[in-house]
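The values are calculated or read from the model by the stated rules, or taken from the named source; none is laboratory data. Remember, it's a predicted structure, so these values are computed and weren't measured experimentally. Note: ideal-geometry Cβ built from the backbone for every residue, glycine included; neighbour counts use all protein chains shown. Surface accessibility is based on the protein's heavy atoms, side chains included, excluding ligands, DNA and RNA. Shrake-Rupley method; radii C 1.70, N 1.55, O 1.52, S 1.80 Å.
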Amino acid sequence: MPPPIEENEYHDFETAMSCSSTYDGSLNLNDDDISLSDDSVPLEGMELLIEIVGAINLRKLDGDLSWNNDDMRPHCTVNCDSDLVHETKKSEMSGRDPIWTLETKSVFVLSVPVEKLTFQKNHNLSILVMTEDQNGFAQIPSMILRSKNPIFLGLVQLDCATILSKYCNEKRVEFPLMNEVNQEEGFRGTLSLRFRIATKSDIRFLRNLDKRERFSDSGKGRNQGFLFLEGNKDRSIYNTESDLQSTALNIEQDNIDCGSSVFDTLASAFRKNTRTTVYRNIVIEKVRIKPNPDPKRIDASTFMSALDIKYETRQPSHFWLEAGSGTMGKVYLEVLSCHDLHNTEVGRGLGDLPDAFVTAICEDGMMQTSAIDNEASPHWMPWTRRAFCFNIEYSASMLYLAVFDFNLGIVMHEPIGRVAVNLNHFKTGMAYMLKYNLYDAANVKERIKRGTIKIRLRVEINDMNAALMNALRPRPKCYLNVKGQKSFRVVRYTCFGKYDSEGVFDSTIMLSYLNEALEYKRKISYKISDAITSLIFWRGQVRVSSFMLPLHSLFFFCACAIVVEYPYMLPSFFLLSLPWILLATNRNNRQKPYPWDRPPSVWTYLWAIIVNKSPNFQECINAYEGWEEKQALEERDEKRLEDDLKIVETNTKKMQRLQELGDDQISSEVAKNVIPVKVLAKLSRIQLSVRDMMIKMRRVKTVLSWEDSALSFQITAILSMIGLVSLLLPWSFILTWMGRSIVWGAFGPHMKLVDYYLATTAKAKDKKARPQPHLTILDMQENLARVRREDAIKLKAARSLRFGSCITQVPSFNQARHYDRPLPESTARSWQETFMDPNLDETKWLPKQQLCGTMIPRLNNLDKQNKEKSMKEKKRLEKLMQDLLLADDS
């Protein structure tokens, strides 16, 4: 056990927390923690890292009928020979399948001297599974324990030499539980363990974790969290009080720049915010710049005119913040201004305006701007916190932006509006000035506009080929942790909008789902009827120069002519029709007049595959380009829909009138039944099922509409290759023999003998009571599900220790019903290195939250380094054991 903390340790700890802390007061570890050790240093023993993963099917074997195995909260006690070396806490959840995490002390280090590494001088390790007595009686076996009224459930006993030779590879191993004398006596359950050689980083991590717990228990370190941040030695992180106030990843302590105190905020309401000057007989009204003037030119930037504010807002940002764990590319974001924000203030009748700040989330990175008090159209100046750099792993990731009204104290921040930006529509080498509408939700039919937001955006992808390959890989779940409910509400609204509690039945959401399904049906019928009409009548389909040529009709005619002459070619042309539909959809969307509705072209991705970069030709976009044509098309579609709805309404009225005239029922009416309570209870589950179906339909929609253009291109390329290869296959021979095999193999008279054999075999199985194959498969699936649950619970505990206990899963796909498009004021220009090109070695850095690994989760690159270090130490120990065995034999 660790030695008790002395008084000077408290002093050193507080000094370390004040001098080397992150945005949440977290201890900082450097790259030296995972540095590879020198082989010349002699080994004095083995530092074994052990994780008690969990137990399965625990049970008490004494015949006590009053005992309930489902009410147990087991814990483990670890003895080495006769010494107590570790003791876990009780499992957080009761039951016979407990799981222990870092929060319940599941991981510890066992030090084994060199002389006890051989089988002749063995070191026995005993892990006892205990639980409290439900009846208040104590039954203690003959071993050292530290539990109150413990009940012995079983033990696992191993020797250190066997662990090093067989199990020291970080793989999960299940051991059956034995009785007090290490003998098998009935089934007591199994205990899952992991082993590997501990590194310096592992030892320091557990030491700091133990300090955190002891300081929290003593009260001197209460509310001081630990972020075990390896790998940030060469980066600038926040380590002063002023920096802590400007990070604002965790807004639980109201550390957004909205005044240093409540009194400063109240004083701003009584401060003079306007000033009038005269220039060449022209009266110019200037307003006070919020939240503060430029520290380098206070006099010139305290008050500015509207024209000066607009000019100053467009200038390059003075400093940047960086977040995110991705390595595929970077997203540079500058939040410039908001306009006509919806006023959520209680005192809006007295002229009180929102205290706005913006939250930006992309993958596992979250950052926030400064708060500007009492402004409905706030502007963020270059010297304020407004510029962010996100490290991303997927080019099709979503950037979520939300505007909030800042509130002090325990009052939740009021959401104003949000927008979801699809990064897949933006090209490398371009700088975008974008303006979006803000809405309260994205998954309902009628959205309420809450103002607008203007941003400047640039996307850079390091490797285009790797980005395309990532589109086909399953995207890992991306989580974001914050400390408390106030921050958690901000994250949830930013990612999901107003209606995010879809597990609870809501008539608004349910009606929206039904309306969305009808909308899909209507749009599909329109698309199919328009496509068939265009193909048959050879209407213009593909724009070539200034002409619209019926190329799709030509291809369709040629394909039909070939199939008529050679019917066996039908499978090949069917396979080729699938990528043809996707290519036609892409081309049709590329011909839309509004440039922000156009997805990337197929040529863009073909060029990326050939030269591994975006095309040199960049498409610049001017303000209001194609806007009038888009409005004309929307008016045409609305008129078409309105005419169809009028026809449907007229027919419905006629049918109702016909039923009324022809009603010949003369029997008494039965009272209508009220919806039973049981049905209402099932509505939540029905809503979840409908939601899952809608999400699947939305994913299909993103592929067909090329909203996720990288995935659409990959699917198109794969289907095209399959279709082209199928042209070489002898379909006449394949189809003939396939039909013969089915007819003669499955429908012949010999099936009577097959039926007799199956019936006889089933009777024999019933007599012998053999295990069913499907039960074996279910057992395997149950074990896999158990392992997934263990990994998820342990990752949750590790993330909670590092970043906070409130967790939100950030959507990897654009699963919203509505797509947010830039407004016509938006522009695109070729990127110039004079702006949006920060020196990332000097930017402020926020901790990365994408962890991986099993025993002690870390960042991906640090986890690999740590495993390499552990394997290197293991090889040195194995060599040392061989030398000791040879020495004993001699």
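Couple of notes before you dig in:
- Simple point charges give the picture: +1 on the Cβ of Lys and Arg, -1 on the Cβ of Asp and Glu, and for region 501-626 a dipole about the Cα centre of about 360 debye.
- Debye-formula intensities of region 367-464, expressed as log10 I(q)/I(0) at q = 0.16, 0.20, 0.22 Å⁻¹, are -0.83, -1.19, -1.34 (one equal scatterer per alpha-carbon, no solvent).
- Long-range HN-HN contacts of Trp831 with modeled amide H, under 5 Å: Met430, Ala431
- With only Cα atoms counted, region 463-608 has Rg and Dmax values of 22.2, 70 Å.
- Burial ranking of peptide ranges 691-700, 644-653 (average Cβ count within 10 Å, highest at the top): 691-700, 644-653
- Region 502-596, accessible surface, carbon-and-sulfur percent (1.4 angstrom probe): 72 percent
- By accessible area, using a 1.4 Å probe on protein heavy atoms only, region 304-350 has 56% of its surface on carbon and sulfur.
- Estimated distance in nm for a label pair at Asn292 and Asp463, the labels positioned 7 Å out from Cα along Cα-to-Cβ: 4.2 nm
- Partner lysines for Lys60 [C-alpha distance under 21 Å; skip if fewer than 8 residues away on the same chain]: Lys89, Lys90, Lys148
- Computed over region 426-523, the ratio Rg/Rh where both radii use C-alpha atoms and Rh is Kirkwood: 1.03
- With 0.36 nm allotted per residue and the present C-alpha distance subtracted, the Leu735-Lys89 stretch has 226.0 nm of extension available.
- Candidate lysines - alpha carbon under 23 Å from Lys639, same-chain residues fewer than 8 apart omitted: Lys445, Lys521, Lys523, Lys527, Lys592, Lys630, Lys653, Lys654
- Cβ crowding within 10 Å averaged over residues, with 174-181, 185-192 ranked highest first: 185-192, 174-181
- Nearest-10 value in Å² for the accessible area of Phe505, using the 1.4 Å probe: 80 Å²
- Maximal additional length on extending the Gln656-Tyr520 stretch stands at 46.3 nm, based on 0.36 nm per residue less the C-alpha distance.
- Restricting region 373-458 to GluC sites (Glu not before Pro) in coil, as DSSP defines it, with at most 14 other Cβ within 10 Å: Glu446
- Average accessible surface area per residue within region 321-417, 1.4 Å rolling probe, Å²: 25 Å²
- Applying the criteria of a DSSP loop state and at most 15 other Cβ atoms within 10 Å to the chymotrypsin sites (Phe, Trp or Tyr not before Pro) of region 586-650 yields Phe617, Tyr624.
- Treating each Cα of region 268-367 as an identical point scatterer and summing with the Debye formula, the log10 of I(q)/I(0) at q = 0.12, 0.13, 0.23 Å⁻¹ comes to -0.61, -0.70, -1.36.
- Placing a pseudo-label 7 Å from each Cα along the Cα-to-Cβ vector at Thr344 and Ser82 gives an inter-label distance of 6.6 nm.
- Taking every protein chain into account, the accessible area of region 511-568 amounts to 71 square angstrom per residue (probe 1.4 Å).
- Length available on full extension from His750 to Asp692: 0.36 nm per residue minus the Cα-Cα distance, which gives 16.4 nm.
- Distance between the modelled labels on Trp67 and Met412, one decimal in nanometres: 4.6 nm (7 Å Cα→Cβ projection).
- The value for region 355-395 of Rg(Cα) / (2.2 N^0.38 Å) is 1.35.
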